[in-house]
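Right, one structure below, let's go through it.
What follows draws every value from the coordinates through simple rules; no lab data is involved. The shown structure was predicted, so the numbers you read here are calculated from the model rather than taken from an experiment. When we count neighbours, we look across all protein chains shown, and the Cβ atoms used for this are built from the backbone with ideal geometry, even at glycine.
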Amino acid sequence: MLSVEQNERITRVGPGTPMGTLMRRYWQPVAGEAEFVDAPTKRVRILGESLTLFKDKSGRYGLIAQRCPHRLVDLATGYPDAEGLRCIYHGWKFDTAGNCIDQPAEPADSTFKDRVHITSYPLEVMGGLIWAYMGPEPRPLLPRWDLFVMNGVFRQIGATVLPANWLQCQENSADSWHAMFTHGWYANYLIDRSESRGEAVNPFMRSTAAMFTNNPDERHAYERAEYGMLKRRIRRGETEEAHGWKTGHQMLFPNYVRIGKKGWYAFQMRIPMDDTHTWHLHYEVIDPGPDVDVPPQSVVPMFEVPVMEHPDFILGQDYVAWHEQGEIADRSQEMLGQSDEGVILLRQMLLEQIEVAERGKDPINVFRDPAKNESLSLPTEHYGDFSDYKDGAISYYDTGRYGYIDEIEALYQQAKQRALQKK
Ligand code: FES
Ligand SMILES: [Fe+2]
């Protein structure tokens with residue numbers, strides 16, 4: 001249990017708040033490049049700030065204040081120029097650094113525009129995402145986590161705006177016990193419910209729920225790791241040689257988790273839009289191995305993953321738990337047991353690292369050495385090979401079914417055929 005004050009410290013993300021100070025030490029994704037294929041601007045809500053993201057006609061991205069400082073028109077309605085974004089009302093133009101570079105109705109010899117600057121934040125593009133840095137300079141490097149920079153893979157990004165505080169999502173990644181109940185028992189209930197109504201049930205939902213139920217988790221352990229937290233798990237009948245224990249799962253501090261296994265990897269990224277909204281990204285990488293050529297992607301596709309009342313996919317079941325804890329879960333009212341040790345450890349780490357950031361020091365996962373940042377790899381559970389891929393299983397892999405399911409199934413089928421030929 002936390003005090004009310006501690007709960008405020010680790011949940012609120014606006015400017016000047018403790019967690020807002022920590023979160024501003026990390027680059028945050030604010031859009032997918034796919035969102036700019038047809039639109040020149042995006043309304044961005046990030047860390048409690050409302051901003052305008054735009055792409056000018058030269059292909060440069062800028063993240064600037066929401067409103068034009070002249071008469072306060074929302075700049076998301078603006079239109080791009082060769083350099084910068086122009087306001088629709090009186091044509092003021094802003095460059096990517098927030099400088100006003102044109103005021104066409106002012107006298108030609110006016111120097112007014114030179115004194116007009118609006119909020120702007122630096123951006124970088126990596127892995128199909130546009131990343132912003134909103135913290136103090138000197139800014140750190142944009143971390144090159146492996147999934148964002150791997151070659152020869154297929155990527156897709158499932159995005160959801162969840163009406164709840166970011167930490168409820170992230171605490172889930174330090175709470176391995178929930179999987180048995182949320183994705184086993186609860187999924188079984190949903191299956192029974194669908195069957196009693198004569199509705200079709202995804203066969204992979206059935207087998208996954210059965211796996212969690214018949215082969216239950218027996219032991220969990222959590223420990224600090226270089227990049228956050230390592231979670232280990234043993235299921236009934238397994239030993240410490242099992243992948244779930246030996247390799248385990250990585251929780252990336254402060255707001256990602258790495259999931260997946262051979263050929264399918266993902267980051268679940270919990271981007272705080274404000275105190276009560278989270279932009280949840282399911283960043284998926286499909287790697288069918290060296291034997292299969294993956295067609296190049298001109299842009300990493302993005303798609304919306306719905307929040308459902310009765311979800312028949314894994315992440316949807318998590319979504320229900322997260323937003324049903326309330327907009328901001330009141331952790332002063334909880335009753336924690338021994339099985340909550342991972343959640344307790346995460347909260348300790350957050351409180352510690354907030355203090356580090358408040359002292360002006362670099363918290364963990366802030367990188368400044370380019371050699372270290374070449375590619376930041378995370379060990380992932382690797383098990384099975386493509387010969388044992390169960391046809392169509394992508395349809396239940398979290399967001400897979402809402403994305404490019406046919407393309408991914410085709411890649412897996414090729415990988416499976418090659419693997420079978422080699423046997
Ligand atoms: S309100 Fe933007 S130029 Fe006047
Ligand atoms: Fe889950």
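Across all C-alpha atoms in the chain, the radius of gyration and Dmax reach 23.1, 81 Å. Which angle from 0 to 90°, rounded to the nearest 10, does the C-alpha axis of helix 405-422 make with the longest principal axis of the chain? Around 50 degrees separate the two axes. Shown in residue order for the range 100-114 are the 3J(HN,Hα) couplings computed by the Karplus curve 6.51 cos²θ - 1.76 cosθ + 1.60 at θ = phi - 60°: 7, 10, 7, 9, x, 8, 7, x, 4, 8, 5, 9, 3, 4, 5 Hz (x for Gly and Pro). Under the criterion of Cα pairs below 8 Å and six or more residues apart, the relative contact order for the range 146-422 equals 28 percent. Alpha-carbon geometry of the range 1-134: the Rg and the Dmax are 16.8, 63 Å, given in that order. Taking trypsin sites (Lys or Arg not before Pro) across the range 235-341, the ones in a DSSP loop with at most 10 further Cβ atoms lying within 10 angstrom of their Cβ are ARG236. Equivalent-ellipsoid semi-axes for the range 154-250 (Cα gyration tensor, √(5λ), whole Å, largest first): 27, 21, 13.
Segment GLU223..VAL149, full-extension length gain: 23.9 nm, with 0.36 nm per residue of separation and the alpha-carbon distance subtracted. Over all Cα atoms in the range 319-367, the spread is summed up by Rg and Dmax: 14.1, 37 Å. Considering only SER332, SER120, SER298, the Gaussian network model of the chain with Cα springs below 10 Å gives its largest mean-square fluctuation to SER298. Take the Cβ atoms of GLU199 and THR239, set R0 to 51 Å, and the FRET efficiency comes out at 0.80. Mean sequence separation of contacting Cα pairs (under 8 Å, at least six apart), scaled by the length of the range 28-132, corresponds to a relative contact order of 26 percent. For the range 192-244, taking the reciprocal of the average inverse distance between every pair of different Cα atoms yields a Kirkwood hydrodynamic radius of 13.6 Å.
Ordered by the count of other Cβ atoms within 10 Å of each Cβ, fewest first, ARG60, ARG24 give ARG60, ARG24. Counting only alpha carbon atoms, the long axis of helix 341-358 and the longest principal axis of the chain meet at about 20°. For the range 187-192, 3J(HN,Hα) computed residue by residue from phi via the Karplus equation (6.51, -1.76, 1.60; θ = phi - 60°) reads 4, 4, 4, 5, 5, 4 Hz, glycine and proline entered as x. The THR77 and THR111 beta-carbon pair, evaluated with R₀ = 30 Å, returns a calculated FRET efficiency of approximately 0.65. Between LEU336 and GLN348, the modelled label-to-label distance comes to 0.9 nm, taking each label 7 Å out from Cα in the direction of the beta carbon. Out of the GluC sites (Glu not before Pro) in the range 211-293, which ones are loop residues according to DSSP with at most 15 other C-beta atoms within 10 Å? Qualifying residues, ordered by number: GLU226, GLU240, GLU241.
Each of HIS70, HIS323 was scored by other Cβ atoms within 10 Å of its Cβ. Listed from fewest to most, they are HIS70, HIS323. Applying a 4.7 Å Cβ-Cβ cutoff to the chain leaves CYS100, CYS169 as cysteine residues with no disulfide-compatible partner.
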